[in-house]
Amino acid sequence: MLKERVGAEQLADMIARKINVAGVEIAVRKDHAFGWTPTILSAPAGAIGFQRRAEEIARYLRVQFDLRE
């Protein structure tokens, strides 16, 4: 299956929309193990919980999307 290549900002927006909590900022960076990975930059509370949720969402998105360089 051919994956769609999208930018880091687009991937971060997709994850933020799925989390759907105001004040959550996400950055996506290249990762040698997984191709790309999300990082929570800011969250209203409990950044660890949001980081776990972002990683869970990323697992599903990696099936469809690769990071465009």
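The values are calculated or read from the model by the stated rules, or taken from the named source; none is laboratory data. Because the structure is predicted, anything quoted here is derived from the model rather than measured. Here the Cβ positions follow ideal geometry from the backbone for every residue, glycine too, while neighbour counts run over all protein chains shown.
So, ALA54, is that one of a type in the set (A, V, I, L, M, F, W, C), at pLDDT 95 or above, surrounded by 15 or more Cβ atoms within 10 Å (Cβ to Cβ) and closer than 17 Å to LYS3 by Cβ or not? Answer is no for this residue. Kindly check whether there is at least one residue in segment 23-40 that is within 16 Å of ALA8 (Cα to Cα) and of a type in the set (Lys, Arg). Yes, there is a match, as at least one residue in segment 23-40 is within 16 Å of ALA8 (Cα to Cα) and of a type in the set (Lys, Arg).
Quick grid of which residues meet (1) out of contact with any strand residue (DSSP E or B) (no Cβ under 8 Å at 6 or more places or on another chain); (2) at pLDDT below 95; (3) surrounded by fewer than 18 Cβ atoms within 10 Å (Cβ to Cβ):
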residue	(1), (2), (3)
VAL24	no, no, no
THR39	no, no, yes
ARG62	no, no, yes
GLU69	no, yes, yes
